[in-house]
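Novice: Structure provided below as structure tokens; questions to follow.
The values are calculated or read from the model by the stated rules, or taken from the named source; none is laboratory data. Because the structure is a prediction, the values reported are computed rather than measured. With ideal geometry, Cβ positions are generated from the backbone for all residues, glycine too; neighbour counts draw on all protein chains shown. Quick note on the areas: whole protein, heavy atoms, side chains included, nothing else; ligands and nucleic acids left out. Shrake-Rupley method; radii C 1.70, N 1.55, O 1.52, S 1.80 Å.
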Amino acid sequence: MSGLVSIITPSYNSAKYIAETIQSVQNQSYDNWEMIIVDDCSLDNSEEVIIEIQKTDSRIHFFKLNQNSGSGVARNIGIEKAAGDFMTFIDSDDIWFSDFIKNSVETIQNTKIPFVFSSYKRSNEDLEFVYSDFIVPQKVTYTDILKSNSISCLTAFLDIKTLGKKVMPKIRKRQDMGLWLQYLKEIPFAYGIQEPQAIYRIREN
């Protein structure tokens, strides 16, 4: 099992949580990855936190936007800079379980489906599981997404060697759904891993 995985993370005022997010990436059992963090003009000390961690791990790349532009723009900068065979996303307050990348790559290799995604646990700010798990369907088509988007940015995993790179549409909301639709126009369906692979942190605000 090989292939570089590009991980794209938009960051905005995330000093409180981003170290935990990066740690969950560093804890992956699959270690051939690059993490591209794009800061959207944070007002807190996110940049200092990220740069401090970056000093000890050359796989982490940090970029900063000139003006606050929203997470879609930040992700697109990350997509442009991604050099991997695979591409995936994690927001600056979410957590992956340690086999997330390994299981995603293996699923693509075993099923020959170039777009996979996973179920996830949902927690409050303190990582307490006060919400039910979000269990995804095993198959999601273009039409399914139009009705209800069950592919979370947190677990979407794309084989870029097969699918090529596309960027998110320039809209304020649901840019991720726009990206999934572009890929699902070209393939019959995306494959859902039903065992939770991550934690989606639901914040008060």
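Here's the yes/no breakdown for (1) touching a helix residue (DSSP H, G or I) at 6+ places or on another chain (Cβ under 7 Å); (2) β-branched (Val, Ile, Thr):
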| position | (1), (2) |
| --- | --- |
| 8 | yes, yes |
| 18 | yes, yes |
| 27 | no, no |
| 36 | yes, yes |
| 40 | yes, no |
| 58 | no, no |
| 67 | no, no |
| 90 | yes, yes |
| 112 | no, no |
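Novice: Further question: Got a sec? Which of 183, 120, 142 is of a type outside the set (A, V, I, L, M, F, W, C) and farther than 20 Å from residue 8 by Cβ?
Specialist: Values: 183 fails: farther than 20 Å from residue 8 by Cβ; 120 fails: farther than 20 Å from residue 8 by Cβ.
Step by step, each of 183, 120, 142 is checked, and only 142 is of a type outside the set (A, V, I, L, M, F, W, C) and farther than 20 Å from residue 8 by Cβ.
Novice: Still on this model: When you go through (1) closer than 27 Å to residue 77 by Cβ; (2) buried (at least 17 other Cβ atoms within 10 Å of the Cβ) one by one for residue 165, which number turns out not to apply?
Specialist: (2)
Here is a yes/no grid of residues against (1) over 17 Å from residue 26 (Cβ atoms); (2) touching a Cys at 6+ places or on another chain (Cβ under 8 Å):
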| position | (1), (2) |
| --- | --- |
| 61 | no, no |
| 64 | yes, yes |
| 73 | yes, no |
| 77 | yes, no |
| 80 | yes, no |
| 92 | no, no |
| 96 | no, no |
| 101 | no, no |
| 108 | yes, no |
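Novice: With the requirement that a residue be of a type in the set (S, T, N, Q) and touching a Phe, Trp or Tyr at 6+ places or on another chain (Cβ under 8 Å), what does region 106-121 give you? Walk me through how you get there before you give the answer.
Specialist: So in region 106-121, the residues of a type in the set (S, T, N, Q) come out as 107, 109-111, 118-119.
Matches in region 106-121: 107, 111, 118, 119.
Novice: Name the residues in region 121-151 that are of a type in the set (Gly, Ala, Ser) and either open to solvent by 20 Å² or more (accessible area, probe 1.4 Å) or within 15 Å of residue 203 (Cβ to Cβ) (or both), would you? Write out each step before concluding.
Specialist: Here is the first cut: in region 121-151, the residues of a type in the set (Gly, Ala, Ser) are 123, 132, 148, 150.
Passing the criteria: 123, 132, 148.
Novice: All but one of (1) at positive phi; (2) touching a residue at least 12 places away in the same chain (Cβ under 8 Å); (3) of a type outside the set (Phe, Trp, Tyr) hold for residue 158; which doesn't?
Specialist: Condition (1) is where residue 158 drops out.
Novice: Now for a different question. Among the listed residues 179, 146, 158, identify the single one that is outside any loop (DSSP other than H, G, I, E, B), modelled with pLDDT of 95 or more and not basic (Lys, Arg). Break it down into steps so the answer makes sense when it comes.
Specialist: Details: 179 fails: modelled with pLDDT of 95 or more; 146 fails: modelled with pLDDT of 95 or more.
Answer to the selection: 158.
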